[in-house]
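Notes to accompany the following structure.
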Amino acid sequence: MFNFLLGVKKLDQGVLRITGAFVFRHLFVGEKQSVLMDTGYGIADLPKLVETYIDSPLTVINSHYHPDHSGGNLRFKDVHIHPADMPFTGELSIEHLVHTIGMAVMDRSDTRRFVAKTAGKLFRRTHRARTNYTPMPDGTEFDLGDRKLVVRWLPGHTEGSCVLLDPDRHTIYTGDACNTGFWMWTNPKMTLAEYADNLDAFYNDIKDQGYEKLYNCHTPMANKVSFITDFAAFARSIRKGDRAVRIHLPGFPDDPLCIRGRMSLKHMGPMLCFYFESQAAGDAPARAALPGKKLLQLLPPRKEKAE
Ligand SMILES: [Zn+2]
């Protein structure tokens, strides 16, 4: 049911991109096991669709725990995720809610309000589901039989954001960890300079390993690998007070959400960065600005299952 909302496109040998609701999930079909990276908003019967393409046991992973990538987790029994993005711990759920609320306030058109409301509802449903979460630390490997996928931790978009390396096919699947536009924004616990340092450290680590292209979860075209370091330079160059779009979100009266963009001829497209003003160069993150408790009340802690 509802699977007309999802489309499937072959991206590479054994790699399918599942489209729908402005976010991509990637399915790596293997002989020994198959891996699904991200579950979308959860609007359609993704397990049923995936089953029609695979003959091996399925492992589901989240590139990070944002509702457009993890909303469909509730349809799966077990999901692998980096420990820093593990649901129900720390302050993480603040980000998810801000994401949803941000969508609602940024554009007041009926369609967007509907999307934001539905996303919020789906996210709360996912949060309450009984999915089991398995920690997926940096360096985790998945042996698919005919290919190996390696998880690399690349914090910035969220604290637990990960990318997947496909070394034999020289391809990196970045989720939102490195993207042409940050949807919605970078991790408010980190300055843009710290985020850029992470990107550069990752780039320096993999640049001589023969990787040729990146696929992210929101843009159809592949990017060159040098996009990582070029985006880092862009993020690092943003200064507080730079002219940019500024939006005051509810609960963030002193720390407006900013959007800054740059056209890159080299990468034939825009670079967009969403950030709280306090994350720009020279400023420490304004922790006090986070409306933690108030928002967390919207997501009551999940009750542990009775043994
Ligand atoms: Zn995201």
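Observations
- Assessment of the stretch 162-172 against the conditions (touching a residue at least 40 places away in the same chain (Cβ under 8 Å) and in a loop (DSSP other than H, G, I, E, B)) yields at least one matching residue.
- The C-beta contact set for the stretch 56-69 (first residue over 16 Å from Ser34 (Cβ atoms) and within 6 Å of the ligand (Cβ to nearest atom), second residue in a loop (DSSP other than H, G, I, E, B) and aromatic (Phe, Trp, Tyr), distance under 6 angstrom, 6+ apart or interchain) is empty.
- Residues in the stretch 201-246 that are surrounded by 16 or more Cβ atoms within 10 Å (Cβ to Cβ) and in contact with a helix residue (DSSP H, G or I) (Cβ under 7 Å, 6 or more places away or on another chain): Phe202, Tyr203, Leu214, Cys217, Ile228, Thr229, Phe231, Ala232, Ala235, Arg236, Ile238.
- Single residue of the stretch 12-31 satisfying the filter (within 15 Å of the chain's Cα centre (by Cα) and of a type in the set (Phe, Trp, Tyr)) that is surrounded by the most Cβ atoms within 10 Å (Cβ to Cβ): Phe24
- Given (1) in a helix (DSSP H, G or I); (2) at pLDDT below 65; (3) within 16 Å of the ligand (Cβ to nearest atom), number of the condition Leu199 does not satisfy: (2)
- Residue in the stretch 87-95 that is modelled with pLDDT of 55 or more and more than 12 Å from the ligand (Cβ to nearest atom) present: yes
- Within the stretch 144-163, considering residues that are farther than 20 Å from Ile206 by Cα and more than 13 Å from the ligand (Cβ to nearest atom), the one nearest to the chain's Cα centre (by Cα): Leu144
- So Gly145, is it within 17 Å of Asp85 (Cβ to Cβ) and either modelled with pLDDT under 95 or assigned to a loop (DSSP other than H, G, I, E, B) (or both): no
- Within the stretch 30-55, tally of residues that are in contact (Cβ under 8 Å) with a residue 60 or more places away in the chain, closer than 19 Å to Val151 by Cβ and in a loop (DSSP other than H, G, I, E, B): 4
- Test: residue in the stretch 127-140 that is under 23 Å from Gln13 (Cα atoms) and modelled with pLDDT of 75 or more: yes
The values are calculated or read from the model by the stated rules, or taken from the named source; none is laboratory data. Just so you know, these numbers come straight off a predicted model, no measurement behind them. Heads up, the Cβs are rebuilt from the backbone with ideal geometry, glycines too, and the neighbour counts pull from every protein chain shown.
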